[in-house]
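Below is one structure, written out as structure tokens; comments come after it.
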């Protein structure tokens, strides 16, 4: 196969790690989500989940209806004064009003009907009828060399493949996230050799592996995974995320806990998507597994100031390219979240062979 363009990282490049883990004076151990304070003085009582404000809002369309036109009436005659004629005229006016209102926003009404359809038990068949599922091939339209370019993490001893796979297995078991999907999501964030196989006395920066808001989302993470409070971290000064240009409170994880922290973070995003589906009256667990994975990945990087509920609403309204696109994908580009989600799912399906 021909060479593919060099993939870009979804997030920022990892900052150089210090040579040792020696904590500053007055702070003799790394903090965790259950600790009182971090080295920077931030109170860590589990954090505040500030993601629900926009993502929890349902998209609501409203029709801009014009004023009612006055009905023209013919000159009244003696017969027109009868009660039957009056009722007939009133009925005609009502019918005309309903017709005008029905034509105000056909697209909006169809979207509403789509949402009603997908709330039923036959969600998968409804999506298939839309062509969302039946027309896809196994790896969508992703360049094959782009799918398998990171296979060395699973096959090459130079990349400590056995340790990498072992940590994926352990984190997947504790978080309930599929192993192949977890590996694909990790490698979507960072492909620097050694990032995910560091010993506990080395550090991994949260932003470098896509865990941009560990402190802010700590409360919701611990509600889903109580053991997450035992993961040690140090708060860093705020950093700017390359993909979204947002400011995030970066953290440093112990090298042997980074993969597990990512798995908990990914699982938390999955629950955010499930909540959004529930708010739209639909079942997240009823949609195809490929779409579940794509939405979960999309929640990690939906785009700057874009709530995941926007994509959920488009999906339930019949949008063909959400959350997986059939457009040709030849490179990894964090500026196109749906392409990134599609690539992640294609890789996850390919990585299944390494976890049999």
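Per-residue counts of other Cβ atoms within 10 Å, averaged by peptide: what ranking do you get for 317-325, 303-311, highest first? Don't skip to the answer; put the middle values down first.
Working: 317-325: 19.8, 303-311: 18.0.
Those peptides, ordered most packed to least, come out 317-325, 303-311.
Could you order the peptides 142-150, 261-269, 292-300 from most to least packed, using the average number of other C-beta atoms within 10 Å per residue? The partial results should precede the final answer.
Details: 142-150: 17.7, 261-269: 24.2, 292-300: 26.6.
Put in order of decreasing packing, that is 292-300, 261-269, 142-150.
Which log10 I(q)/I(0) values, to two decimals, does the range 249-318 give at q = 0.14, 0.28 Å⁻¹ under the Debye formula with one point per Cα?
At q = 0.14, 0.28 Å⁻¹ the computed log10 ratios are -0.47, -1.32.
Read-outs: derived from the displayed coordinates by stated rules, not from any lab. Keep in mind that what you see is a predicted model, and the values were worked out from it rather than measured. Don't worry about glycine lacking a Cβ; one is built from the backbone with ideal geometry, like all the others, and counts go over all protein chains shown.
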